[in-house]
Amino acid sequence: MVMLLSWFAYFKGWVLKDFKNISPQEAHALLENSHNITLVDVRSKKEFDKDHLEGAVSFPLENLSELNVTASKLLVYSERGELSVDAARILSNRGYKVLNLEGGVVFWIRGGYKVVED
């Protein structure tokens, strides 16, 4: 049981992390007030094309090794915040200061924030 709980906490990004999870409200405020942050959507290109946060760049998880930005912070997100935990770990290990949007696009929309729909 302890192993299962430990795995779950790690998978959710609650333990053993070099990044910070932030709520949609915190993310929205940050994006409104900061100009040196890159918003990275780690979902598939198809999901990104369906809808995404305004100003985001599409870098599916499998292509993260190609990401090369100079922003002081990266805000990563996925559909529900699960893939973005993996992305946050990868990017943190590459030396980026990373923030992870808790709950991803789903919580962003539930919080009343808009997405760009193509």
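None of the figures in this text is laboratory data; all of them are computed from the coordinates on show. Everything numeric in this text was worked out from a predicted model, so none of it was measured. No Cβ is skipped: glycine too gets one built from the backbone with ideal geometry, and neighbour counts run over all protein chains shown.
Annotations
- Per-residue ³J(HN,Hα) for the range 95-111, Karplus 6.51 cos²θ - 1.76 cosθ + 1.60, θ = phi - 60°, Hz, x for Gly and Pro: x, 7, 8, 10, 10, 10, 6, 4, x, x, 4, 4, 5, 4, 5, 4, x
- 3J(HN,Hα) from dihedral phi, the range 63-78, Karplus parametrisation 6.51/-1.76/1.60, rounded to Hz, x for glycine, proline: 10, 4, 5, 8, 5, 9, 10, 10, 4, 6, 9, 10, 10, 9, 8, 9
- L53 long-range amide H proximity, modeled H, under 5 Å: V116
- Residues whose amide H lies under 5 Å from that of L67, counting only those 5 or more places away or on a different chain, are absent; hydrogens are built 1.01 Å from N in the peptide plane.
- Put simply, the amide H of K73, placed in the peptide plane, has neighbours under 5 Å in T38, leaving out anything fewer than 5 places away on its chain.
- Neighbour-count ranking [beta-carbon atoms within 10 angstrom, fewest first] of R110, R80, R89: R110, R80, R89
- Of D18, D86, D118, the sequence from fewest to most neighbouring Cβ atoms within 10 angstrom is D118, D18, D86.
- Full-extension gain in nm, S23 to E82, via 0.36 nm per residue minus C-alpha separation: 19.8 nm
- Pair E32, R110: separation of 7 Å Cα→Cβ label points (nm): 2.1
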